[in-house]
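Visitor: Structure incoming, see below.
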Amino acid sequence: MSAAQDAITGTNTCSPEQADDVYRLWSLFDNSSARIAHVDLGLRLIGSNAGFADVFGLSVKELPGVSLVDLVHVRARDALTQRLLSLARGERSRFSDRVAALTCTGRASTALTGIAVTNDEGRIDSLVVLLELEPEAGTDGAPPAPTGLRKPLTRMEALVLEGVAAGMSTVQLASKLFLSRGGVEYHVSALMKNLEAANRSELVSRAYSAGLFRMGSWPPLVTEGFVE
């Protein structure tokens, strides 16, 4: 880990207890075709779902503590590190890039999207990374059917979810949507219950895993079919 990364986080490891908690969290995504990882501000993996781990021929339990940039080709590491650190420093809220991932079958071209995740105080506390492998020859590349949503979203819930996924704080959402802070938290709580998420980071991860957002959209936009 570089000095710049250490300066942001002050740590470069996760405890066994954290690893166990993350394993239990991300194992919930085993049936999802999305490839999602949760990354700390030192660019080390906190956890991932099985789809992400399978790309690299690893198990979900093996990933916590692994440096994300070590999973891509050496020539792509410096550029990817700078993009991820810009998220951690709050210089941007999202980026998408194509990198060469070191998969279990060799090097593969991969679309990587990084998203900054904020806590209730509006501070960036982690990153979410999504991988999309280029379709293999002979496949139509059709996206999988989305799953995981217990009931359709209300229009306001969709707007709140879009804001949370874009990294907006409660105060920012309240101002944008003309709600009180309590009103924002009410809708966030309803969303977490709907998607069975324990916090905002997990809410964003589950929303992407369930396919709620339009492909390639930024800021994130909820697909109309999920809004009642």
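Visitor: Tally the residues that are part of a loop (DSSP other than H, G, I, E, B) and either at pLDDT 90 or above or outside the structural domain of SER93 (by TED's automatic domain parsing) (or both), restricting the search to the stretch 38-63.
Guide: Total meeting the criteria: 4.
Visitor: Right, LEU87: touching a Gly at 6+ places or on another chain (Cβ under 7 Å) and either within 24 Å of TRP218 (Cα to Cα) or modelled with pLDDT under 85 (or both) or not?
Guide: Yes; evaluated as a whole, the condition is true for this residue.
Visitor: What single numbered condition from (1) over 14 Å from ALA101 (Cα atoms); (2) surrounded by fewer than 24 Cβ atoms within 10 Å (Cβ to Cβ) fails to hold for LEU43?
Guide: (2)
Visitor: Given SER169, SER205, SER201, which one is crowded, with 18+ Cβ neighbours inside 10 Å, modelled with pLDDT of 90 or more and among the hydroxyl-bearing types (Ser, Thr, Tyr)?
Guide: Going through SER169, SER205, SER201 in turn, just one is crowded, with 18+ Cβ neighbours inside 10 Å, modelled with pLDDT of 90 or more and among the hydroxyl-bearing types (Ser, Thr, Tyr): SER169.
Visitor: How many residues are in a strand (DSSP E or B) and over 13 Å from ILE36 (Cβ atoms) when one looks only at the stretch 112-122?
Guide: Count: 2.
Visitor: I want to confirm something. Restricting to the stretch 208-228 and keeping residues that are hydroxyl-bearing (Ser, Thr, Tyr) and surrounded by fewer than 17 Cβ atoms within 10 Å (Cβ to Cβ), which single residue is nearest to GLY122 (Cα to Cα)?
Guide: SER217
Visitor: Of all residues being among the polar types (S, T, N, Q) and not in a helix (DSSP H, G or I) in the stretch 170-228, which is nearest to the chain's Cα centre (by Cα)? Just the residue, please.
Guide: Residue satisfying both the conditions and the ranking: ASN199.
Visitor: Then there's this: Tell me, please, whether a residue that is in contact (Cβ under 8 Å) with a residue 24 or more places away in the chain, over 19 Å from ILE124 (Cα atoms), under 16 Å from the mean Cα position of the chain (by Cα) and surrounded by 14 or more Cβ atoms within 10 Å (Cβ to Cβ) can be found in the stretch 74-85.
Guide: The answer is no; no qualifying residue exists.
Visitor: Of everything in the stretch 123-153 that's surrounded by 15 or more Cβ atoms within 10 Å (Cβ to Cβ) and in a loop (DSSP other than H, G, I, E, B), which residue is modelled with the highest pLDDT?
Guide: Among those that are surrounded by 15 or more Cβ atoms within 10 Å (Cβ to Cβ) and in a loop (DSSP other than H, G, I, E, B), it is LEU149.
Visitor: What about VAL99, is it part of a strand (DSSP E or B) and more than 25 Å from ARG200 (Cα to Cα)?
Guide: Yes; evaluated as a whole, the condition is true for this residue.
The values are calculated or read from the model by the stated rules, or taken from the named source; none is laboratory data. In this text the structure is predicted, and so the values were computed from the model without any measurement. Counting neighbours? That spans all protein chains shown, and the Cβs are built from the backbone with ideal geometry, glycine included.
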